[in-house]
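Asker: Attaching a single structure in structure tokens format; questions to follow.
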Amino acid sequence: MQEILRKRFNSVVAVAVLFLAVGLVSSLSNCGRKLDPLSSEEGVSDLPPTPQNLTALVGDRSVKLSWEVSDSSTYRFRIYRSDSSNAHSELVDSTATREFTDNGLVNGQSYFYQISCVDSSGFEGYKSRRVEAVPDAFGVLIENGSEFTNTIAVTLSLIAPPGTDHVMLSNDSTFTDGVWINFASTRSWFLTSGDGEKRVYAKFRDLLGNPTLSHYHDSITLDTKASILRVSENSGGAVLQVGDTLHLLLESGETQGEASVDIGELVTGIKLYDDGSFGDSESDDGIYEHDYVIPIGLETEDEPIVGHFIDRAGNVATDLVGTGAVTIRNPPDAVHLFKPYAPPESRGVIILHWSRSNDEQFAFYSIYRFTSSGVDLNSTLVTSLNDPSTTTYTDSNLVEDIYYHYVVYLFDNHSLYSASNEDSARTGKNSPPEPSVLYQPYGENWWTLNLSWSQNEDEDFANYQLFRAEQSDFSDSILIKVFAPRESTYYKDSTLAGDSTYYYRVMTYDQGGLFSASNLVSGTTLENTPPEASILLTPQLVNSDSLKLTWSLNDENDFESYRLYRLDGSDTASVGDDDLLLTIETDQDSGEFIDPDLIKGQSYCYRLYTHDKGGLSSRSNAVGYSVPLFRRQGRADR
């Protein structure tokens, strides 16, 4: 042990003398004593070994160093760096491993490195040989960084600083099949076959011969085929027209492609979307959609839809014909509604006029109205007209002094329609109708008065209403009858009492509910007189106990009934209407009666009363008859 210490002491002395000879002064570091190694180890023994085979790997703003030592002892290594070959090296770091990565450098600048070895006693050996390294950016791009390709033959773009002389390429990160080749900024390359993600790896060697710190790679998806799974539209066979929305769909299973649909040969290249816009329900799901709004002028019948698709790699799918067919029809050309006209003399009336339709598919006109603007198919339907030459209409029974708005809809045979412009007119203000003149009543019998009045000529005439009263102040008036036709100007009031005075007035109503009263007139019925008495003829025996009675007929208009009375006995002067009533006969033309079941040998007296509708009556003559005890034999008895 003493011998070893002695030798080290001698070595230190020798080194100190040598430092003085070259004018350098040693300094002590925090981690121990530091020697300034010479370029040669001659004359110095037992120093830590000098690192050998120092190599540098370059990268983006970094340099990775590695080295070897002659034995396997444990050392600490000091890393020295300078910016030029002539500059003094500065200690930048230390490590216990045999490699070191220097980060945060400036790309394109040369750096010079040396490594020294320090033993456990703090003695530092000689520095290694100096190596130069230039950090820089390296990389590889497949097809200029494209995400997809549809062929295994690709072009590589190699990124390296000027002076790079070699590159190694491989489809495998282990570079088992890689060889160094001369560097060129672009290279043709073949990917491995089979659709999916592909990678290309690259290593570089710069002009100094330093390899790159690590390998670099780029990836690309190989996609060599495209397909369409389905194409559809949502019309369901319904007829579409301008402004309707047709939902188009194409499913490919691939995102980021280009999808389009043709509606036959009529509309081509309708773009579909997979980004959540234009009716696409979900972005990036491989289902391309479009809410296509039918434009003006487009018309077709049962047109198929055809889908087209190009995927993100540029593969063109086979076109696919979708399910269903599209039918688009244009509505008929709208007619023009001219300014509606409200005649000042006609209240509640507006006259409409519009241009004629010449559409071959004409079905009918429909007129709609509303009391404010914004007339549509939910407004009031006035009428429908199926003759294209009918271009006028009078709308009546309207409320007075009101604005009415109108639209004329034109429908064709396919139930398509178009609306005219909207226009309006204001109805005239209603005023009471012209009153009628009630003429003097006259009677032709005691229970009747005949009435007549002048005819009303107003266009909005509704009806006449005839009232009757028994007081001159008309306070107890009653409605007798309503007359709807304007020509009804006569009435026979035939339910009256005789010799009585009645008062009358006619009220004329219009369709707006207004009315006017006629003049007040009165009439007196004739006096009622008893009816003419009938003549009762002598009874005739029709069998052993029955009598047949006959009388003359009454022909008066107020006839009410015949009433036959009987008195049991022979006093004809005494029979009257307080005796037995045999019959009431209301048939004015019936003049006979059979009185049956009489008593043989009994005398009977009869009298007939004739009644009128006014309650008056007159009596006939009285007749008598005695029923014989024995029946007179006729020829049949002989």
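The values are calculated or read from the model by the stated rules, or taken from the named source; none is laboratory data. Treat the numbers as computed from the prediction; the structure is a model and nothing was measured. Note that each Cβ is placed from the backbone with ideal geometry, even for glycine, and that neighbours are counted across all protein chains shown.
Asker: So, in the stretch 398-442, how many residues would count as being farther than 30 Å from Asn386 by Cα and either touching a helix residue (DSSP H, G or I) at 6+ places or on another chain (Cβ under 9 Å) or surrounded by fewer than 19 Cβ atoms within 10 Å (Cβ to Cβ) (or both)?
Answerer: From the stretch 398-442, those farther than 30 Å from Asn386 by Cα are 401, 429-442; that's our starting set.
Filter once more, keeping what is either touching a helix residue (DSSP H, G or I) at 6+ places or on another chain (Cβ under 9 Å) or surrounded by fewer than 19 Cβ atoms within 10 Å (Cβ to Cβ) (or both): 401, 429-432, 434-435, 437, 439-440, 442.
The total comes to 11.
Asker: Report every pair of residues separated by at least 6 positions or lying on different chains whose Cβ atoms are under 6 Å apart, first residue within the stretch 86-110 and at positive phi, second modelled with pLDDT under 95.
Answerer: Gly108/Asp136
Yes/no matrix, rows are residues, columns are (1) at pLDDT below 95; (2) assigned to a strand (DSSP E or B); (3) loosely packed, with under 15 Cβ neighbours inside 10 Å; (4) not assigned by TED's automatic domain parsing to the domain that holds Ser185:
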| residue | (1), (2), (3), (4) |
| --- | --- |
| Ser70 | yes, no, yes, yes |
| His88 | yes, no, yes, yes |
| Leu91 | no, yes, yes, yes |
| Tyr113 | no, yes, no, yes |
| Ser121 | yes, no, yes, yes |
| Ser157 | no, yes, no, no |
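Asker: Can I ask one more? Would you please name the residue that is nearest to Ser546 (Cα to Cα), looking only at residues in the stretch 578-594 that are in contact (Cβ under 8 Å) with a residue 24 or more places away in the chain and out of contact with any Lys or Arg (no Cβ under 7 Å at 6 or more places or on another chain)?
Answerer: Phe593
Asker: I'm told Lys127 meets every condition in (1) outside any loop (DSSP other than H, G, I, E, B); (2) in contact (Cβ under 8 Å) with a residue 60 or more places away in the chain; (3) farther than 17 Å from Asp223 by Cβ except one. Can you identify the failing condition by its number?
Answerer: Going through (1) outside any loop (DSSP other than H, G, I, E, B); (2) in contact (Cβ under 8 Å) with a residue 60 or more places away in the chain; (3) farther than 17 Å from Asp223 by Cβ one by one, Lys127 breaks only (1).
Asker: I would also like to ask the following. Out of all the residues in the stretch 501-518, which are free of Cβ contacts under 8 Å to residues at least 60 places away in the same chain, surrounded by 16 or more Cβ atoms within 10 Å (Cβ to Cβ) and either in contact with a Ser or Thr (Cβ under 6 Å, 6 or more places away or on another chain) or not aliphatic (A, V, I, L, M) (or both)?
Answerer: Kept after step one, since they are free of Cβ contacts under 8 Å to residues at least 60 places away in the same chain, are these residues of the stretch 501-518: 501, 503, 507, 513.
When the remaining residues are screened for being surrounded by 16 or more Cβ atoms within 10 Å (Cβ to Cβ), the result is 503, 507.
Scanning the stretch 501-518 gives a single hit, Tyr503.
Asker: Report yes if Ile220 is over 23 Å from Val58 (Cα atoms), assigned to a strand (DSSP E or B), in contact (Cβ under 8 Å) with a residue 24 or more places away in the chain and among the β-branched types (Val, Ile, Thr), otherwise no. Outline the logic, then answer.
Answerer: Numbers: over 23 Å from Val58 (Cα atoms): yes; assigned to a strand (DSSP E or B): yes; in contact (Cβ under 8 Å) with a residue 24 or more places away in the chain: yes; among the β-branched types (Val, Ile, Thr): yes.
Here the answer is yes, as Ile220 does meet what is asked.
Asker: Please specify each residue of the stretch 234-280 satisfying the condition of being of a type in the set (D, E, K, R), in a strand (DSSP E or B) and surrounded by fewer than 14 Cβ atoms within 10 Å (Cβ to Cβ). First the steps, then the outcome.
Answerer: Initial filter on the stretch 234-280 (of a type in the set (D, E, K, R)): 244, 251, 254, 258, 262, 265, 271, 274-275, 280.
Cutting the leftovers down to in a strand (DSSP E or B) gives us 251, 258, 262, 271.
Lys271 - this is the single residue of the stretch 234-280 that is of a type in the set (D, E, K, R), in a strand (DSSP E or B) and surrounded by fewer than 14 Cβ atoms within 10 Å (Cβ to Cβ).
Asker: Next question. Please return the ranges of strands (runs of 3 or more DSSP E) entirely within the stretch 453-534 where 1 or more residues are farther than 30 Å from Ser552 by Cα, within 60 Å of the chain's Cα centre (by Cα) and not assigned by TED's automatic domain parsing to the domain that holds Arg607. Lay out the reasoning, then the answer.
Answerer: Numbers: elements: 461-469, 478-483, 490-493, 501-510, 515-517, 521-524.
Output list reads 461-469, 478-483, 501-510, 515-517.
Yes/no per residue for (1) at pLDDT below 95; (2) within 24 Å of the chain's Cα centre (by Cα):
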| position | (1), (2) |
| --- | --- |
| Arg230 | no, no |
| Ser235 | yes, yes |
| Gln241 | yes, yes |
| Leu250 | no, yes |
| Ala259 | no, no |
| Val267 | yes, no |
| Tyr288 | no, yes |
| Glu299 | yes, yes |
| His308 | no, no |
